[in-house]
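What follows is calculated from the coordinates using simple rules that are stated; it is not laboratory data. What you see is a predicted model; the values in this text were computed from it and never measured. When we count neighbours, we look across all protein chains shown, and the Cβ atoms used for this are built from the backbone with ideal geometry, even at glycine.
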Amino acid sequence: MYVEIVFHGRGGQGGVTAANILAGAAVREGKWSQSFPHFGAERRGAPVRAYARISDKPILRHSQIKTADIAVVLDHELFDLVDIPGSVKDNGVIVVNAPRDFSVDLKEGQSLFCVNAMEIARELKLFVAGWPVVNTSMLGALVKASPVVSLDSILAEIKSYWPGKPGELNAEAAKRAYENTVRCI
Amino acid sequence: MPVKLRDFPRTHFNMPGNAACPGCPETMGLRYVKMALGDKAVLVIPAGCSSVIQGISPKSGINFPILNIVFAAAASAAAGMKAGFEMLGRDDVQVVVWAGDGGTADIGLQAMSGAAERGDDIIYICVDNEAYMNTGIQRSGATPYGAWTTTTWTGKKEHKKNVPFIMIAHDVPYVATASVGYPQDFIEKLRKAATVKGFKYIHLHAPCPVGWRFDPGLTPEIAQLAVKTGMWPLFEYHNGKLKISSFSRLYRVKEKRVPLKEYLKLQGRFRHLKDSDVKILEEYIDRLWAWLDLLEKAPNPSGTARDLLGK
Amino acid sequence: MSNVNVEEPKSLFIAPVSKPAPGSVGKTGTWRHEKPVINEEKCVKCLLCWLYCPEDTILRREDDMVYVDYDYCKGCGICAKVCPVNAIDMVPEG
Amino acid sequence: MLLTWFQRGDDGMVVKTLTGNKAVAHAVKAARVKVVAAYPITPQTTIVETLADMIEHGEMNAKMIRVESEHSALAATLGAAAAGARSFTATSSHGLLLMHEVVWWTAGARIPVVMSVVTRAIGPPWNIHVDHNDIWDQRDSGWIISIAENNQEVFDLTLQAFRISEDPRVYLPMIVGLDGFILSHTVAPVDIPDQEKIDQWLPPRRQPYVITPESGVVMGNLAADEDYYMMRYSIQTAMVEAKKVISEVDDEYGEVFGRKYGGLVECFHCDGSKYNIVIAGSWSGDAKEAVLKLRDEGYSVGVLRVRYFRPWPDEEIRRLLSTSKGVLFIDRSISFGGKGHLLTEAMTNLAESTNLPAVRGVIAGLGGVDVGADEFYELTKSFIDEVEENGPFYDPLYWHIPQVYRGKYPERLPGYGKFSYERR
């Protein structure tokens, strides 16, 4: 098993944190992992990327990920700014935070999974500095779309990342997202 | 507490047979540091005359343990040493920087400013011979107006950088000026500094016979004339309060000051000065004292702020 | 309490370390052109020469009468200049 | 192969997913460092941040000096170490260059300290990405210089650095390199051994002298030229001794903590391989992947990963040159007007070699240009195929031009064409 995942988000949305949590969750399962930000200047609100690798063998490579197996898109409007289908393989999976009726052109063979993480954040009153928190929800959505790690590992890692109440809340968001993620294309 | 010469033991305060020039003010100053701080001090010495004065390994002509260090890093190396001693439970060790005016006013200013701002618990002594003497008398930021050096052949065109004032602006607990012409005053100030926690700065005026072009027997006299002409006021700034030291108090009054020419005429470096240059220096002295006057009369905001910081 | 061990190096080790000692550049008495000679009859034992001597070559006897360490005295003449009773003469040498 | 040590939670090992920089901080904490002095610079900054956090929250009993420059950072580190405290600093790129004077001073003083160098390009133009010119720039200074491949090795090397530099046969400061962003900001699993076990393994600080009121030691005053010369000779002696110490420490560490890397170099299928890549740093893993693929295709090829640039692995390189038909050097640095650093160093071992292998020196990845396993595969394959087809050659300056510029610039510069041995 060897999977590469790219997280598309905006600066400040927590894409890097999501990638780190995913890497931690993989280690909980005895897998090997890496996560890293896109190494460039970051500005709040601008499109940014983070990456993760998960494997059942030690990961040797440290080079950048050009086309991933899975893309997690923290904001569906990024499709207008970034070539998201081009960032994943031809048979790749894209998981997007979007309303249920969201539609977009993909490459032949790619599939799209949708979840409305904004709605979950609002339901749970999960805001940080006025921003709805979607990154943890999208981890739930990711493992529903493709079980690269188990939901339990994600939840455990979230709770250890933010001990106490914030962890509980973020874990709940991930769980709800897991339950509500559907294939839309 | 007045310094009684008879009380000092009959030991070496400096190691004779070192590489200092005859009449050197730095070895004079180093003796006073030893007299004041005794055997609990280690020195940090950046590049300068005092690196050379120590002489040749495996002996050293300065009677202290020393960390010699690169030119720009004296204060930071001392800060590190102090931290090391603290972490090893050795709070009794005084870490003392002994740096020249180049190593303080110019290349070492940044490191010193950093240590002062952090409040590192060290004594920083700038031994000021008013030029880069070690490399052969080049002007420094601390060279006074008009002085001949080998990089200002017709006299320096700018005034001396006032490092003690810069250090007062850092709001450190102790700043003082001293002179090798007044050893007791210097020793007292060192002893006081040793009781103060935090960053202590003492600026020691140190006339250099070689660089200033005077008879080496005159080092103390020239140093005293700098004070008596008002050119080098002795003062102490402790916890936000500035006080003119006793040896300088008389010269607060302009008329009481020894005429500046008495100081200048003994030094070859000022031989070329015109009357107009002397006037510029006299005005510098007046301005210096006006500043001191302001600081002396000023309320004591620093003391209050420091109390609030709990220092 | 210190938990550092100064341990002898176990390879050929030459470090740039020294210890304070007299004569780090030799017998600097040879630098002199004039030597200070103390007139013990005039001396009032004020110790100013001892205080101002840059070289630490004015030494004190038990009774605080001063004498000169000619091995190292560089002959700067400060002692003679600071003496308030002119008890020190600078005498030309060799 | 699963991460088995993770499941061995009972024996006190803790697996964390950490960035390379956090791995450094954890190793520094585990080594019970007493004084940290550092100045922020990308991509080193999170080392300082993490240590400040640990110290302020009482997880680590140390004093942090937040200096105003890197020059001061190492000076303060040296000062603390001279007083007898185990001390540490970290920097990158321009910070390291600003510090350079004190780098030499520290080694000359023979005072062991440990410094992380998070490798980064040197400007202008500003560039914060990985490049080895900053770390190799310190090669002449008398520091032991190591460089890690992954975050686990970052932790292990940093911990070992205290042991190695404080060994009485060595008494030299040590740099641990880790690639900027590629390791410093990448999260990966790191096994942190039990503190008790670390305390048992890492002895209390040892150093040749301390500068204290009691010791009376004066460090660094003038010395006769002849004495200066012999002090330099002594540093070289210590470097030779360090080779033994490094290998011993690697063995011991392997026994105690279960991870052994091979000492000065890591030999990845390099023994007996006809062709070998010589490389250092994080992208060695990509080269290994390329090699695995090539081996699957029947090529006899391996990787010799340089873990220590100083002391230079003379014996290992000599052996490699003696037994290889071709050696491909991959340098993430260039000595302008000269060649890549790994190649330059290795060529000094050629006179000791019993064989004259084909050599190509590739300059690649400067300023963080990404070079992955696929590209290493292509580079290695074409090198081997060329040698097999045309016989051995010497091609020391082959510029692996970035994809977007490929074809627009020559890969071999005028005067540095391939030099075929037959023509000689």
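If the elastic network links every pair of Cα atoms under 10 Å, which of C:Lys45, C:Lys74, C:Lys19 fluctuates the most in the Gaussian network model of chain C?
Its mean-square fluctuation being the largest, the pick is C:Lys19.
What residue among D:Leu96, D:Trp283, B:Leu288 has its Cα farthest toward the positive end of the dipole of the protein assembly as shown, where the charges are +1 on Lys, Arg and -1 on Asp, Glu, each on the Cβ?
Positive-most Cα among the choices belongs to B:Leu288.
Can you compute the helix-only [θ] at 222 nm over chain D? Use -39500 (n - 2.57) per DSSP H run of at least 4 residues, normalise by all residues, nearest 500 deg cm²/dmol.
Theoretical 222 nm ellipticity from helices: -12500 deg cm²/dmol.
What percent does the relative contact order of chain D come to when contacts are Cα pairs within less than 8 Å and at least six residues apart?
Here the relative contact order equals 14 percent.
Distance from the Cα centre of the range C:29-94 to that of the range A:94-124, in angstrom?
95 Å
Express the relative contact order of the range D:265-423 as a whole percentage, based on alpha carbon pairs under 8 Å and six or more residues apart in sequence.
22 percent
Distance from the Cα centre of the range D:310-371 to that of the range D:166-220, in angstrom?
29 Å
Looking at the square roots a ≥ b ≥ c of the eigenvalues of the Cα gyration tensor of the range C:1-46, which shape do they give, rounded for a/c under 1.5, prolate if a/b is larger than b/c, or oblate?
Here the range C:1-46 falls in the oblate category.
Test of the criteria: in the range B:236-299, which trypsin sites (Lys or Arg not before Pro) are in a DSSP loop and have at most 15 other Cβ atoms within 10 angstrom of their Cβ?
Loop-located and lightly packed - B:Lys265, B:Arg271, B:Lys274.
Have a look at A:Val115, A:Val88, A:Gly45 and report the one farthest towards the positive end of the charge dipole of the range A:1-128, computed about the Cα centre with Cβ charges (Lys/Arg +1, Asp/Glu -1).
A:Gly45
Once you place label points 7 Å from the Cα toward the Cβ at A:Glu108 and D:Gln195, how far apart are they in nm?
Simple spin-label model gives 6.1 nm for this pair.
Which semi-axes, in whole Å and largest first, does the equivalent ellipsoid of the range A:81-155 have when worked out from the alpha carbon gyration tensor as the square roots of 5 times its eigenvalues?
23, 16, 10
If you average the sequence gap of Cα pairs under 8 Å that are 6 or more apart and divide by the length of chain A, what percent do you get for the contact order?
22 percent
Which residues in the range C:9-37 place their backbone N less than 18 Å from a point set 7 Å from the Cα of C:Val91 along the Cα-to-Cβ direction?
C:29-37
Given the DSSP H assignment, sum -39500 (n - 2.57) over each helix run of at least 4 residues in chain A and divide by its residue total; what's the result at 222 nm in deg cm²/dmol, nearest 500?
The helix contribution divided over chain A gives -10000 deg cm²/dmol.
What is the set of long-range amide H partners of B:Ser179 at a cut-off below 5 Å, with H atoms built 1.01 Å from backbone N?
B:Phe186, B:His205
Filter the cross-link list A:Lys89/D:Lys16; B:Lys157/B:Lys254; D:Lys197/D:Lys260; B:Lys59/B:Lys156; B:Lys161/B:Lys254; A:Lys89/D:Lys293 down to pairs whose alpha-carbon distance in this structure exceeds 27 Å.
The answer is A:Lys89/D:Lys16; B:Lys59/B:Lys156.
Using Cβ counts within 10 Å as a stand-in for footprinting exposure, how do D:Tyr308, D:Tyr171 rank, fewest first?
Going from sparsest to densest Cβ surroundings: D:Tyr308, D:Tyr171.
Could you run the Karplus curve 6.51 cos²θ - 1.76 cosθ + 1.60 with θ = phi - 60° over the range D:61-72 and give me ³J(HN,Hα) per residue in whole Hz, x for Gly and Pro?
My calculation for the range D:61-72 gives 8, 8, 10, 10, 9, 8, 6, 9, 6, 5, 4, 5 Hz in order.
Explain nothing, just compute: Karplus ³J(HN,Hα) = 6.51 cos²θ - 1.76 cosθ + 1.60, θ = phi - 60°, for every residue of the range D:183-190 in order, whole Hz, x for Gly and Pro.
10, 4, 10, 9, 8, 8, x, 10
If amide hydrogens are placed 1.01 Å from N in the peptide plane, which non-local residues have theirs closer than 5 Å to the one on D:Val359?
Under 5 Å from the amide H of D:Val359: D:Val327, D:Phe393, D:Tyr394, D:Asp395.
Under the definition of partner shielding as Cβ atoms of other protein chains within 10 Å of a residue Cβ, what is the mean value for peptide A:17-27?
Mean partner-chain Cβ count within 10 Å for A:17-27: 3.
Using Cα positions and a limit of under 23 Å, work out the lysines in reach of B:Lys82, with same-chain residues fewer than 8 apart set aside.
Counting by Cα, and skipping residues close in sequence, B:Lys82 has these lysines nearby: B:Lys34, B:Lys40, B:Lys189, B:Lys192, B:Lys197, B:Lys200, B:Lys311, C:Lys19, D:Lys29, D:Lys34, D:Lys63.
How big is the charge dipole of chain A about its Cα centre, in debye rounded to the nearest 20, if each Lys and Arg gets +1 on its Cβ and each Asp and Glu gets -1 on its Cβ?
Once rounded to the nearest 20, the dipole reads 440 debye.
If the chain between B:Arg10 and B:Asp39 were fully stretched, how many nm would it gain, using 0.36 nm times the residue separation less the Cα-Cα distance?
Separation in residues times 0.36 nm, less the Cα-Cα distance, equals 9.0 nm.
So if R0 is 30 Å, what FRET efficiency would A:Glu168 and A:Ala129 give, r being the distance between their Cβ atoms, rounded to the nearest 0.05?
In this case the efficiency is close to 0.95.
Using a Gaussian network model of chain C whose springs link C-alpha atoms within less than 10 Å, name the residue from C:Val66, C:Val37, C:Val25 with the highest mean-square fluctuation.
C:Val25
Give me, ordered by chain and number, the residues 5 or more places off D:Leu222 or on other chains with an amide H under 5 Å from its own placed amide H.
Correct list: B:Gly55, B:Ser57.
With θ set to phi - 60°, apply the Karplus curve 6.51 cos²θ - 1.76 cosθ + 1.60 along the range B:196-201 and write out the HN-Hα couplings as whole Hz, x wherever there is a Gly or Pro.
8, 8, x, 8, 10, 10
Could you check the spin-label model distance between D:Ala52 and B:Arg191? Points 7 Å from the Cα along Cα→Cβ, value in nm.
Placing both labels 7 Å beyond Cα along the Cβ direction yields 4.1 nm.
C:Lys27: which aspartates and glutamates have alpha carbons under 13 Å from its alpha carbon, excluding same-chain residues fewer than 8 sequence positions away?
Cross-link targets: C:Glu55, C:Asp69, C:Asp71.
State whether chain D is rounded, prolate or oblate according to the following rule on the C-alpha gyration tensor (a ≥ b ≥ c being the square roots of its eigenvalues): a/c under 1.5 gives rounded; otherwise a/b larger than b/c gives prolate, and the remaining case gives oblate.
prolate
Please arrange C:Glu40, A:Glu179 by counting, for each residue, the other beta carbons lying within 10 Å of its beta carbon, fewest first.
Taking fewest neighbouring Cβ atoms as first place, the list is C:Glu40, A:Glu179.
What spacing in nm lies between the two simple spin-label points modelled at B:Lys274 and A:Glu77, each 7 Å away from Cα in the Cβ direction?
7.2 nm
With the cut-off at 1.5 for a/c, could you classify the protein assembly as shown from its C-alpha gyration tensor as rounded, prolate or oblate?
Prolate, since a/c reaches 1.5 and a/b exceeds b/c.
Summarise the partner chain shielding of C:55-62 as one whole number: the mean count of Cβ atoms from other chains within 10 Å of each residue's Cβ.
5
Averaged across B:23-32, how many Cβ atoms of other chains sit within 10 Å of each residue's Cβ atom?
Partner Cβ neighbours, averaged per residue: 4.
Would you order B:Phe165, D:Phe309, D:Phe181 from fewest to most other beta-carbon atoms within 10 Å of each residue's own beta-carbon?
B:Phe165, D:Phe309, D:Phe181
Evaluate the charge dipole of the protein assembly as shown about its Cα centre and quote only its size in Debye, nearest 20, assuming +1 on the Cβ of each Lys and Arg and -1 on the Cβ of each Asp and Glu.
In total the dipole reaches around 2540 debye.
Springs between alpha-carbon atoms under 10 Å, Gaussian network over chain A: tell me which of A:Arg61, A:Arg49, A:Arg100 tops the mean-square fluctuations.
Fluctuation is largest for A:Arg61.
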